[in-house]
Structure formats: C-alpha cells, structure tokens
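The values are calculated or read from the model by the stated rules, or taken from the named source; none is laboratory data. Here the structure is a predicted model, which means the values were calculated and not measured. We place every Cβ from the backbone using ideal geometry, glycine too, and count neighbours over all the protein chains shown. Just the protein is used for accessible areas: all its heavy atoms, side chains included, with ligands, DNA and RNA removed. Shrake-Rupley method; radii C 1.70, N 1.55, O 1.52, S 1.80 Å.
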Amino acid sequence: MNAGGRRPRVLFISADPVGERMAGLGIRYTELAGVLANHAEVTVAHGGSSGGPLASGIPTVAYRPHDPGPLRALIDTADVVVCHPQWPLVTSWLRRSAARVVFDLYDPETLETLELFAGRPTMYRRLMGQTTLDRLHGALRTGHHFMCASEKQRDLWLGALLAMRLIDPPRYDADPSLQTTIAAVPFGVPADPPAPGPGADAGPRQTFSHVGEADELVLWNGGLWRWLDAETAVRAVCALAERRPGVRLVFMGGSTQPAAVAATEQAREAARGLDALGGTVLFHEGWVPYDERQAWLAQANCALSTHRGHLETRFAFRTRLLDCFWAGLPVVCTRGDDLADRVERERLGVTVPEGDASAVAVAIETVLDEGRRSYAAALAGAAADYAWPRVAGPLVRWVTTGEELPPRPGDTPGAVGPGAGQRFRDLAYLVAGRRLLASRPDGGPG
C-alpha cells in the first residue's frame, strides 16, 4: 500500500499478445496480473492488435514492440513495472522513471538466440546475439529486482551480475543471499484443478475424425522449435506403433514465427518419411485457445517432450510440462533440465536420454501400461507447488513493500558499463525509435 492508503499501480509489459490465444509470456503475465490484482491496480500492455479488459476485468493496452509510444505515459504513472528485457528506448524510459522496476529473466533468451539463428550468416547471428545481450545488460543495470524461473537460472543470472561488477559489498552486506535482488518466480498453474469449460468437447478425439476412443494419444502439448527434438519423438512413436497400432502422436499446435514454422515442417517431413503423417502422427493446425487446452490434456494418455543437449537445455524451464502436472497427465521427457529432474525424482513419468528413439518408445509404453491413475497423486502434489498464488510470492512482496527503492545494480561504483559497440547500437536504435514515434499520425510521444 502506498502513502495515503492508495493501492500501488502495477504495469506489466509483454511483447506477446494476451487474450484468447497466448504463448508463454502472455500466459505468464496474465496469470501474475491476476494474482497481483488482489493487492494493486494492474494494467497489462501487450503486443497484440487491440486492447480491452481481460476476462478477469484487468485492463489491457496494445502496443507494437518497435513502436512503443503507448508505454510512455503508462510507465510515467506506474509505481511498479514488471517486464522482460526491453529495447533501448523503453529501457531509457524505465531508467528515468520513479517506478520500482522488476525485470523478468525466466526465458534465457540470450541462449535461445544461439540456437534460433543457427545456420544463418555469421554476421547476422552475431548481430542478433549482440542486441539480445544488449537488452539483457541494459536490464541488469536498470532493474531494482529480478525474477527467474528456477534456482539453476538464478545461479546463471547471479553470475552475470557478478561478471558485470554489479554486486558490491554494501549490496552483499544488506542481503548476503541477494534474495531481495533476484528471486525464483517459476511459471505456474491455476490453483484450481482442470474443470470442463469452453471447448470441453473439442479435444483431439473430436478434432481428428479417424481417432477412435480406444486409441492411445501421446500429446506434444507445446510449440516446435529448433532446440527441441521432434524427429526422435516421431521415430519413437512410429516404432511403438508397430506393436501397439492404436498409439497416436498428436502435435497440439505451433507458433507462426518463421523459426517455429520451419521446425514444424521438419517434423512433418520426418513423419512423411515414415509414412505416418496423418495416421500415426497428427498435426493440429493453429493454436489451441488457452482456456480450451484442458480438453486436449484430459483426452491424452501420455505427454511427450524431447530436446537436444545444449546450453538452452541446461537453463530452460519447460513450462509445457507444468500443464501436464496440473492435468494429471504423466510425462515422458528428455533429461537435462530442472523439471525433467523433478519428473525423474518424484515419478511424474519417465525421463529418457537425448536422441534415443528406442528408449523413448519403451518409456511411452511403460507410462501407457501403468496408466494415468498410477501417477495422479504425485502429479497433483507437484501441481500444488506451482500454483500461481504460491510462486508469485516474491513479486507480491516487492509490489506491496513500503520500503524505499533499493539502489539499481547499474549505480554500483565500478560497475561494467556498456562498451562502445553497445553504445553505438543503442544510439542507432534510440534515434530510429524516436523518429518513428515523431512520425506517428497522432503525434505520439517522442
């Protein structure tokens, strides 16, 4: 509560759209906004095409990430801003604002970029990597607090702060754990278990007319990206289908981003090469609305998530697995990340080595033979740990604290500032951004 008894004004900034069809960041900020609405006046700015209130009544404002004029006034009137690392123009507004700034580092975008642009010209990859790092470094210098998805990620970002000389003796002495600077706020799941809702009769068994009630559905319940390994998933299910002909691998939906479209086409080619496309292996066109996903999860017998080994894998937090915990759907997944460790430790399914289609097929068969019921209690316990009101605890404390703003890490004496290359790139982006805003027909803020 602010001075005078006024509830704090909190602004979320999401480059992804929020609303009916949402990807990870949009889902995360919609759910966190819902938790904070019990403590604050919340607005969500998002990269969709239109504003209007969410189903919860929380107001939204649409903006374009590279034309961020609508954010200026929202930032100026906010008490707290929660956002992912921003482009230099918005970062400059955040740095000059009086708001408490919380940067969300749950997505290790700098590591994703190394994979996302693999195969592209070296200079282009280097530029994309540099601008992604520029945004991260700008965030680390500008934020008052930071949140991430896991303790493993927290170690990564503490190392980044240390390397940039943003941890000094006064900051350490004030809080030797640095929990007030950076805390784990994982992705979460609804506090209530799945219940029939919109689209309850529009799951995979209704979507694919030739899928029978007795068929066993293995669900890939997220998008397809280069760093994942859909080919091994396809080969594993096709091998299993030779002795279990009613098994089906269902890809639930995919992003329209070019990199995701390319990965989806590669998965289709793998299925086509095994003469399984449209039969044993099924692709749902489009994206399942967020509020309708439970029908797909409820009708499946097993979830599947396979990936390749690399840096993104080590620090990833496979949010797609959390919905499986929530829906009581056992998981087969590749080892190597935090949630896979939990799947193995608590018997939430079966983990497998990277790229081993035979092991994946055996693991799927094990889960199908044991059935969902045998995993239900363990999955329910895991889901309870990730309920949104529970995981949002550190963010709620930062929003409701009556304490003065802590010093920004970037104000630390001796902190590593931006190098000449970053200053040049930032200046070029600032000039281009301000020219774009000045050219707006409505004379938007510059």
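Per-residue Karplus couplings for the range 356-372, computed as 6.51 cos²θ - 1.76 cosθ + 1.60 with θ equal to phi - 60°, are listed in order as 9, 5, 5, 5, 5, 4, 5, 5, 4, 5, 4, 5, 5, 5, 6, x, 4 Hz, Gly and Pro entered as x.
Please compute the net charge surrounding residue 309, taking Lys and Arg as +1 and Asp and Glu as -1 over other residues with Cβ under 11 Å from its Cβ. Show your work: numbers first, answer last.
Working: positive: 308, 314, 335; negative: 229, 312, 337, 354.
Summing Lys and Arg as +1 and Asp and Glu as -1 gives -1.
For residue 101, nonlocal amide neighbours, meaning residues 5 or more places apart or on other chains whose placed amide H falls under 5 Å from its own, are 81, 144, 145.
With the contact rule set at Cα under 8 Å and sequence spacing of 6 or more, what percent relative contact order holds for the range 78-191? Result for the range 78-191 is 29 percent. The H on the amide N of residue 349, modeled in the peptide plane, is under 5 Å from the matching H of 331, each at least 5 residues off or on a different chain. In order along the range 127-141, the Karplus-derived 3J(HN,Hα) couplings, from 6.51 cos²θ - 1.76 cosθ + 1.60 at θ = phi - 60°, round to 5, 5, x, 5, 5, 5, 5, 4, 5, 4, 5, x, 5, 5, 7 Hz, and Gly and Pro are given as x.
Helix 420-438 and the long axis of the chain differ in direction by around 90°, with both axes built from C-alpha atoms. Between the helical axis of 24-36 and the longest alpha-carbon principal axis of the chain there is an angle of about 60 degrees.
Which net charge results when you count Lys and Arg as +1 and Asp and Glu as -1 among the other residues whose beta-carbon is under 12 Å from that of residue 25? Once all neighbours under 12 Å are counted, the net charge is -4. Of the heavy-atom accessible surface of the chain (probe 1.4 angstrom), what whole percent is carbon and sulfur? Carbon-and-sulfur percentage of accessible area, whole number: 54. Remark: the range 176-187, residue by residue, has Karplus-estimated 3J(HN,Hα) of x, 7, 6, 5, 6, 8, 9, 9, 7, 10, x, 4 Hz, where x stands for each Gly or Pro and the curve is 6.51 cos²θ - 1.76 cosθ + 1.60 at θ = phi - 60°.
Report the Stokes-Einstein translational diffusion coefficient (µm² s⁻¹, integer) for the range 1-57, Rh taken as the Kirkwood radius over Cα pairs, at 20 °C with viscosity 1.002 mPa s. Provide the component values of the computation, followed by the final result.
Numbers: Rh = 11.8 Å.
Value of D from the Cα-based Kirkwood radius: 181 µm²/s.
What number comes out for the charge environment of residue 126, summing +1 per Lys or Arg and -1 per Asp or Glu over other residues with Cβ under 15 Å away? It works out to a net charge of +1. Our summary gives the chain a relative contact order of 18 percent, counting only alpha carbon pairs under 8 angstrom and 6 or more residues apart. Only beta bridges with both residues in the chain are counted; by DSSP, about 5 percent of them are antiparallel.
Counting each pair of different Cα atoms once, what's the Kirkwood radius of the range 206-273 in Å, rounded to one decimal?
Values: mean 1/r = 0.0785 Å⁻¹.
Hydrodynamic radius (Kirkwood, Cα only) of the range 206-273 equals 12.7 Å.
Ordered from largest to smallest accessible area (heavy atoms of protein chains, 1.4 Å probe), the residues 116, 136 come out as 116, 136.
Whole number please: convex hull volume per residue of the Cα set in the range 38-103, in Å³?
Values: hull volume 6.0 nm³, N = 66.
Measuring per residue, one finds 90 Å³ for the Cα hull of the range 38-103.
Net length available on complete extension from residue 133 to residue 174 is 11.9 nm, with 0.36 nm assigned per residue and the Cα-Cα distance removed.
With contacts taken as Cα pairs under 8 Å and at least 6 residues apart, the range 212-371 reaches a relative contact order of 26 percent. Taking the Cα centre of the range 1-147 as reference, the dipole from Cβ charges on Lys and Arg (+1) and Asp and Glu (-1) amounts to some 400 debye. In this structure, residue 215 and residue 77 have a Cβ-Cβ separation that, at R0 = 56 Å, corresponds to a calculated FRET efficiency of about 0.55.
About its Cα centre, what dipole magnitude does the chain give when the only charges are +1 on Lys and Arg Cβ and -1 on Asp and Glu Cβ, stated in debye to the nearest 20? Don't skip to the answer; put the middle values down first.
Working: 46 positive and 50 negative charges, 267 e Å.
In total the dipole reaches around 1280 debye.
Rounded to the nearest 0.05, what FRET efficiency is calculated for residue 366 and residue 265 with R0 set to 22 Å and r the Cβ-Cβ distance? It comes out at approximately 0.10.
Computed over the chain with a Gaussian network model linking Cα atoms closer than 10 Å, the most mobile of 184, 62, 420 is 420.
Note on surface exposure: 408, 226, 7 rank 226, 7, 408 by accessible area, highest first, 1.4 Å probe. Give the residues of the range 25-41 whose amide nitrogen is closer than 14 Å to a point set 7 Å from the Cα of residue 387 in the direction of its Cβ. Within reach of a label on residue 387, which here means backbone N under 14 Å from a point 7 Å along Cα→Cβ, the range 25-41 contributes 35.
By per-residue mean of other Cβ atoms within 10 Å, what is the highest-first order of 47-55, 260-268? Walk me through the numbers before you get to the answer.
On the way: 47-55: 13.7, 260-268: 17.0.
Final packing ranking: 260-268, 47-55.
Counting only alpha carbon atoms, the long axis of helix 258-273 and the longest principal axis of the chain meet at about 10°. Loop-located GluC sites (Glu not before Pro) in the range 356-430 (DSSP state other than H, G, I, E, B) with a sparse environment of at most 13 neighbouring Cβ atoms within 10 Å: 403, 404.
How big is the range 317-374 by the Kirkwood estimate over distinct Cα pairs, in Å? Write out the running numbers ahead of the final one.
Numbers: mean 1/r = 0.0875 Å⁻¹.
Kirkwood hydrodynamic radius for the range 317-374: 11.4 Å.
Test of understanding: express the Cα radius of gyration of the chain as a ratio to 2.2 N^0.38 Å, with N the residue count. Please report the intermediate quantities before stating the final value.
On the way: Rg = 22.6 Å, N = 446, 2.2 N^0.38 = 22.3 Å.
Working it through for the chain, the quotient is 1.01.
Summary of the geometry: the range 298-325 and the range 108-173, compared by the centres of their Cα atoms, lie 23 Å apart. Only protein heavy atoms count here; under a 1.4 Å probe, residue 431 has an accessible surface of about 60 Å². Quotient of the Cα radius of gyration of the range 1-144 and 2.2 N^0.38 Å, N being its number of residues: 1.09. A 1.4 Å probe run over the protein chains yields, for the chain, 43 Å² of accessible area per residue, whole-number rounding.
Suppose we keep just the DSSP beta bridges with both residues in the range 1-118; what percent of those would be antiparallel, to 5? The partial results should precede the final answer.
Values: 1 of 18 bridges.
Percent antiparallel among DSSP bridges in the range 1-118 is about 5.
Ignoring everything except DSSP H segments at least 4 long, calculate the 222 nm mean residue ellipticity for the chain; use -39,500 (n - 2.57) per segment, divide by total residues, nearest 500. Don't skip to the end; give the middle numbers.
On the way: 19 runs with 196 residues, N = 446.
The per-residue figure over the chain is -13000 deg cm²/dmol.
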